[in-house]
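Since the structure comes first, as structure tokens, the remarks are kept for the end.
Laboratory data are not the source of any read-out in this text; all were calculated from the coordinates shown. Small disclaimer: the values here were computed from a predicted structure and weren't measured. Methodologically, a virtual Cβ is constructed for each residue, glycine included, from the backbone with ideal geometry; neighbour enumeration extends over all protein chains shown.
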Amino acid sequence: MPAENPIIVWFRQDLRLADNPALLEAAQKNHPIIPVYVLDDINAGAWKMGRASCWWLHHSLHALQESLSKRLVLIKGDASEVIPYLAHDTKAAAVYWNRCYEPWRIDRDTRIKSTLEAEGIEVKNFNASLLFEPWEIRKTDGAPYRAFTPFFRRGCLGTGEPDVACPAPSTVNLASNPEYGVSLENLNLLPQKPMPRWDTKMESYWEIGEAGAQKKLKDFLKTALRNYREGRNIPSQNNVSRLSPHLHFGEISPRSVWHAIKRCMITEGLETDGDHFLNELGWREFSYNLLYYNRNLPLHPLQERFQYFPWERDDESLQAWQRGKTGYPIVDAGMRELWETGYMHNRVRMIVGSFLVKDLLIPWQQGEEWFWDCLVDADLANNAASWQWIAGCGADAAPYFRIFNPVGQGEKFDPNGTYVRRWCPELSKLPDEWIHRPWEAPPLLLRECGISLGCDYPYPIVDHKKARVKALTAFQAIRGMS
């Protein structure tokens, strides 16, 4: 290929320079590089990014623009048309990208590759988002795994350590700014008038971009990995990494995180804590594996009998759950943390998920949809697999009859009410004894604390004991179905 012909590097869920094999491969060629990002809501269909993800993407693209000397070409449209047109119009010698694994992306990318190769344009794609490719991790009989432990221990770790992260290119020969694309503002990723700027409250919680991701990892290794095994379950403690949105948008690679954790395990003697964190990376891999082999994972239960589960439609209760007004403090605290920050502590995600599908009998897909819109780390594989897990209908799922008691969960994992007091300040004056069950507090105490139930804070919208019996009865109705 003539050296003057450019190579297009198509950025997707890899918004970084370090450990970006598509970019590194292109930089090693004697060709100018055209970096491109395409906002493709057309092929995404129902799974186009939610509002919180769009907010994150705006700031992540801004950071990448700065790293690429403002040469990143931004385009909004059907990538099936945009990428071939751009390659043809610029007389590109090749198009390189890093693989994505959502079904709609796989279908689209396959079409694009065929179109480009038919025109004699070289296409290369690489793994930059996972530790192991889904097709590499299968059982000895060739079937995909349906349980996490053998998947991770035998399937993943049995193949050896993940590849070492590759460095960022020492130099990137960027093409002259071509006359293509739009400004970042014209992608309209931020809330548009007349919608209020609900996103500004999230800005103080995050440092978005590759530099922010690297800083978040360093801070986690320095201050939060120690005692991760136990501390990760306490939502008021800083023993979680909060790397999930950085991983989803590819501001940092899982390989970089994996090997940084492994080094810390050795140098700091944190083998147990580190191993538990690596398990979480394993669950991320497992979710992608499930989605790759089960294209309908986001909508249809893996266990077919749950197609017949007698879910209920209850818009009023759904709205109370979404707004953090269920009357169960640990649930409400989690939902308010989500709305305020675009994030929710993982232990609390399980509690609020169980409450929705088992106390309220609302379909897990409605919880998945709300999380998709509100989470900055909304990830199709993780979101779908996690909701199926908590609903009891997925692979390696928590049994349906495992129903979290929201009061007991609050008292166990937030015993001093620190988390609840932060996100439900109207309850802050309640003593620890009553913070997770305010409706049982003595009336005089409630008055002394300035709390009027039903006014300042709602009564429980459902009786957990009765809801549990109802949920188990519903489960029994489908138990013998295949």
> Using a cut-off of 12 Å between alpha-carbon atoms, which aspartates and glutamates can reach residue 113, once sequence neighbours fewer than 8 places away in the same chain are excluded?
Replying inline: 81, 122
> Ordered by packing density, taken as the mean number of other Cβ atoms within 10 Å over each peptide's residues, highest first, how do 224-233, 160-169 rank?
Replying inline: 224-233, 160-169
> For the chain, list the DSSP H helices whose alpha carbon atoms reach 24 Å or more along the long axis and whose average Kyte-Doolittle value is -1.0 or above?
Replying inline: 51-67, 271-293
> How much net charge surrounds residue 240 when only other residues with a Cβ under 10 Å from its Cβ are counted (Lys, Arg +1; Asp, Glu -1)?
Replying inline: +2
>> Based on alpha-carbon centroids, what's the gap between segment 108-155 and segment 1-79 in Å, whole number please?
In response: 21
> Over segment 193-258, what is the mean sequence separation of C-alpha contacts under 8 Å (at least six apart), divided by residue count, expressed as relative contact order in percent?
Replying inline: 31
> Taking the Cβ of residue 91 as the center, what net charge do the other residues with Cβ under 12 Å away carry, scoring Lys and Arg +1 and Asp and Glu -1?
Replying inline: -3
> Packing-wise, with mean Cβ within 10 Å as the measure, how do 313-324, 344-355 rank, highest first?
Replying inline: 344-355, 313-324
> Counting each DSSP H run of 4 or more residues in the chain as -39500 (n - 2.57), what helix-only mean residue ellipticity at 222 nm follows after dividing by all residues, to the nearest 500 deg cm²/dmol?
Replying inline: -12500 deg cm²/dmol
> How would you rank 238-251, 438-451, highest first, on the average number of other Cβ atoms within 10 Å across their residues?
Replying inline: 238-251, 438-451
>> Please compute the contact order of segment 7-128 in relative form: average sequence separation of alpha-carbon pairs under 8 Å and at least six residues apart, divided by the residue count, as a percent.
In response: 35
> What translational diffusion coefficient, in µm²/s and rounded to a whole number, does the Stokes-Einstein relation yield for segment 7-128 at 20 °C and a viscosity of 1.002 mPa s, taking the hydrodynamic radius as the Kirkwood radius over Cα pairs?
Replying inline: 146
> Which FRET efficiency value, to the nearest 0.05, is calculated for residue 159 and residue 304 with the Förster distance at 30 angstrom and r the Cβ-Cβ distance?
Replying inline: 0.45
> Once the other residues with Cβ under 13 Å from the Cβ of residue 164 are scored (Lys, Arg +1; Asp, Glu -1), what is the net sum?
Replying inline: 0
>> Which residue, 144, 473, 103, has the largest displacement toward the positive end of the dipole of the chain when charges sit on each Cβ (Lys, Arg +1; Asp, Glu -1)?
In response: 473
